1. Please find, within the range 314-329, the residue that is surrounded by the fewest Cβ atoms within 10 Å (Cβ to Cβ) out of those that are assigned to a loop (DSSP other than H, G, I, E, B) and over 24 Å from the mean Cα position of the chain (by Cα).
2. In the range 133-146, how many are out of contact with any Leu (no Cβ under 7 Å at 6 or more places or on another chain) and not charged (D, E, K, R)?
3. In the range 214-228, what residues are closer than 20 Å to Ala71 by Cβ and either touching a Pro at 6+ places or on another chain (Cβ under 7 Å) or open to solvent by less than 10 Å² (accessible area, probe 1.4 Å) (or both)?
Amino acid sequence: MKPQNDLLSATGTTIFTVMSALAVQHGAVNLGQGFPDYEGPEDVVRAAADALLDNRNQYPPLTGLPELRQAVAAANRRFYGLEIDPNAEVVVTSGATEALAASLMAVLNPGDEVVLLEPLYDTYLPVVKLLGAVPKLVRLSPPKWELPRAELAAAFGPKTKAILLNSPMNPASKVFTAAELAFIAELCQRHDTYAICDEVYEHLTFDGWRHIPLMTLPGMRERCLRIGSAGKTFSLTGWKVGYITADRSVAANVAKAHQMLTFTTPPNLQRAVALGLAKDDAYFEGLSAELQARRDLLAEGLAGLGFGVLPAQGSYFITADITPLGFAGDDVAFCRHITEVAKVTAIPVSAFYAGAEAPKHFVRFAFCKREEVLREALRRLTEWKAAHGPAALAAAG
């Protein structure tokens, strides 16, 4: 048989799959994968169930049901002051991952360069490469994750077609500041590039931090493709409903890419998400408040156990430094160790880097879990710590 696709054939099993399988094998509390273990809003779920029985189960429009496109446009106006045409500037997709692929397909040609910020979600790099584009990696470093402005400016050049920006950021839990966004916007305009903005955690920010879409900055309205996720906003990750807001000059190409990928998204889920996006402010404020309480519970527990806990301004995740624990191995060995011995699973942050010499002493914990699950994870880690002094941890590493 002739060889199959080189890139896909060379792509191994993801760290999420490996660690989740290990968690099942050892009966571990899985704080690795970032999905809630609780249901989303009852009225939204009920709306989806009811919509299955309303005899409208055939193909919906390619770009999404009118009521959802209108709801996305209304949410853009309500939260960010953006005036969006629901008939020409919104495309509903089967999840944010498809939205990302469709957005990249819409603007990239083989040989184009794309600026990517490390640490990065594991889908970004393979999709860019599959489209024949050239990734230009720029690294953000813990613990502050500050934007390295000189390095970012150097990554832009005559062949740069786009930057892929994730804010709030997974796994770093960073919310980009207004000054950082202004610097990125200036580079995009100077080099005449697009910005593909993964904003799936837009409503999950803490401690007074507020998400600022790059699209709201002067000169960026027509350059940005803004990706949102019902899965993250309504704690319904299995629904896989995403939406792209983009200027009409590029939205048509996004729709063509979407047509080639999935064509459309289940209509009952679209109707339910439209209802959800119209929920009152109390829902969105409560979503952040509840997650912040879970973050604080896990962060305080990890700090009490000796982890170096980094600030988490948004998203589902806490990054922790394992250096103070005295573990001799790297982050991958540590995550395997606590899964097998403490029965708690985390994800090594080095898995989110593609370049050489990635940090090897940070791990990511997901706090989008029920309070009793987080407390059980901390109880197990407390018992593990008590049974493994510095000498035992050094030997385990």
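1. Start the filter on the range 314-329 by keeping residues that are assigned to a loop (DSSP other than H, G, I, E, B), which leaves 315-316, 322, 326-329.
Add one more test, that the residue is over 24 Å from the mean Cα position of the chain (by Cα), and what stays is 326-329.
Numbers: Gly326: 16, Phe327: 22, Ala328: 13, Gly329: 17.
So, considering only residues that are assigned to a loop (DSSP other than H, G, I, E, B) and over 24 Å from the mean Cα position of the chain (by Cα), the one surrounded by the fewest Cβ atoms within 10 Å (Cβ to Cβ) is Ala328.
2. Total satisfying the criteria: 3.
3. Met215, Cys224, Leu225, Arg226, Ile227, Gly228 - these are the residues of the range 214-228 that are closer than 20 Å to Ala71 by Cβ and either touching a Pro at 6+ places or on another chain (Cβ under 7 Å) or open to solvent by less than 10 Å² (accessible area, probe 1.4 Å) (or both).
Matching residues to (1) closer than 30 Å to Val134 by Cα; (2) free of Cβ contacts under 8 Å to residues at least 40 places away in the same chain:
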| position | (1), (2) |
| --- | --- |
| Lys2 | yes, yes |
| Ser9 | yes, yes |
| Ile15 | yes, no |
| Glu39 | no, no |
| Pro61 | no, no |
| Gly64 | no, no |
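Per-residue answers, yes or no, for (1) part of a loop (DSSP other than H, G, I, E, B); (2) open to solvent by 50 Å² or more (accessible area, probe 1.4 Å); (3) in contact with a Pro (Cβ under 6 Å, 6 or more places away or on another chain); (4) of a type in the set (Gly, Ala, Ser):
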residue: Ala49; (1), (2), (3), (4): no, no, no, yes
residue: Leu53; (1), (2), (3), (4): yes, yes, no, no
residue: Gln70; (1), (2), (3), (4): no, yes, yes, no
residue: Asn87; (1), (2), (3), (4): yes, yes, no, no
residue: Val91; (1), (2), (3), (4): no, no, no, no
residue: Ala99; (1), (2), (3), (4): no, no, no, yes
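Table: residues versus (1) within 18 Å of the chain's Cα centre (by Cα); (2) part of a helix (DSSP H, G or I); (3) in contact (Cβ under 8 Å) with a residue 40 or more places away in the chain.
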site: Ala312; (1), (2), (3): yes, no, yes
site: His337; (1), (2), (3): no, yes, yes
site: Glu340; (1), (2), (3): no, yes, yes
site: Gly355; (1), (2), (3): no, no, yes
site: Pro359; (1), (2), (3): no, no, yes
site: Arg364; (1), (2), (3): yes, no, yes
site: Glu372; (1), (2), (3): no, yes, no
site: Leu378; (1), (2), (3): no, yes, yes
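Condition check ((1) surrounded by 24 or more Cβ atoms within 10 Å (Cβ to Cβ); (2) in contact with a Phe, Trp or Tyr (Cβ under 9 Å, 6 or more places away or on another chain)) across all residues:
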| residue | (1), (2) |
| --- | --- |
| Phe263 | no, yes |
| Glu285 | no, no |
| Leu297 | no, yes |
| Glu300 | no, no |
| Ala312 | yes, yes |
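The values are calculated or read from the model by the stated rules, or taken from the named source; none is laboratory data. Remember, predicted model here, so these are calculated numbers, not experimental data. With ideal geometry, Cβ positions are generated from the backbone for all residues, glycine too; neighbour counts draw on all protein chains shown. Keep in mind that these areas ignore ligands, DNA and RNA; they rest on the heavy atoms of the full protein, side chains included. Shrake-Rupley method; radii C 1.70, N 1.55, O 1.52, S 1.80 Å.
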